[in-house]
Amino acid sequence: MKILIVGGGNLGYFLSQALMEDGYNVSLIEKKREFCTRIANSLDIPVICGDGTTVETLARGGAGRCDTMIAVTGKDEDNLIACELAKQQFNVRQTVARVNNPKNMDIMNKLGVDITMSPTRIITGMIEHEVEGAAVRLVADINNSDASINEYKLPHNWSKSGATVQSLNLPKDCVLIYLMRDSLITIPRGNTTLMEGDEIIALTVGSTAKTLKKIFEL
């Protein structure tokens, strides 16, 4: 699967690294030249230095050949424009947008962005979860699909505590997005160790939400 990422800040960098390590064909577009240089020197992926809200730059980034485009810049309007161009000009099958202001999520969904992700809403939900103590919580439904984003809190008696993500043989139709431990958030990878008490945000499709619940013994 070919994935094009627009935005080379910290989120774009670590997302590119995680997807690359999971075997995806990743390309990245970033406007700031110093960010482009840093990423190109650190990751073995194509890096295009340019404006991801223009057709020309998206074409250089291979938007016409990608399956999914993920826009994670710090500006909601840029993420929306990039996603709209990807759909309208390049027929990209799936678009994902980072939403910095949660109030913009509904309008982005109505304008055709397939998946909207709000770090603010996710982190707020994790804090609320800590207070409420629920084991599983729905964070967001994905427009016109059977996909959802759920939060799982690993039980304190979890029998697999200390296992790596890779060793759990998780279903293919799921992506672990965030891991919170001791108020620190990281992006899980194959060699990441999961511990009892960890809080995990996961994107799941169909029955994989229930499968994860079973694996996490919730």
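Just so you know, all these numbers are worked out from the coordinates, no wet-lab data involved. Because the structure is a prediction, the values reported are computed rather than measured. Glycine gets a Cβ as well: all are built from the backbone with ideal geometry, and neighbour counts include every protein chain shown.
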* Label Asp51 and Asp106 with points 7 Å out from Cα along Cα→Cβ: what is the distance between them in nm? -> 3.1
* Asked: Taking 0.36 nm per residue of separation and subtracting the Cα-Cα distance, what length does fully extending Thr192 through Asp67 add?
  -> 42.3 nm
* Structure fact -> Extension length gain for Asp22 and Lys213 (0.36 nm per residue less Cα distance), in nm, is 66.5 nm
* Asked: Ranked highest first by average number of other Cβ atoms within 10 Å, how do 81-91, 157-167 line up?
  -> 81-91, 157-167
* To do: Could you work out how far helix 119-132 tilts from the main Cα principal axis of the chain, as a 0 to 90 degree angle to the nearest 10?
  => 10
* Structure fact -> For the chain, averaging the sequence separation of alpha carbon pairs under 8 Å that lie six or more residues apart and dividing by its residue count, the contact order in percent is 15
* Asked: For the chain, which cysteines have no disulfide-compatible partner, meaning no other cysteine Cβ under 4.7 Å?
  -> Cys66, Cys83, Cys174
* Relative to the longest principal axis of the chain, what angle (0 to 90°, nearest 10) does the C-alpha long axis of helix 10-21 take? -> 80
* To do: Would you work out which of Leu179, Leu212, His156 lies farthest towards the positive end of the dipole of segment 147-218, given +1 charges on the beta-carbon of Lys and Arg and -1 on that of Asp and Glu, about the Cα centre?
  => Leu212
* Residue-averaged [θ]222 nm for the chain, counting only DSSP H segments that reach four residues, each worth -39500 (n - 2.57) -> -9500 deg cm²/dmol
* **Rg and Dmax [Cα atoms of segment 2-117; Å; Rg one decimal, Dmax integer]** => 12.8, 38
* Using the alpha-carbon atoms, what tilt in degrees (0 to 90, nearest 10) does helix 33-42 show relative to the longest principal axis of the chain? -> 50
* Structure fact -> Most exposed to least, judged by fewest other Cβ atoms within 10 Å, Val205, Val113 sort to Val205, Val113
* Net dipole in debye of the chain [+1 Lys, Arg Cβ; -1 Asp, Glu Cβ; about Cα centre; nearest 20] -> 360
* Structure fact -> Among segment 66-96, those whose backbone N falls under 18 Å of a label point 7 Å along Cα→Cβ from Lys2 are 66-71, 83, 85-96
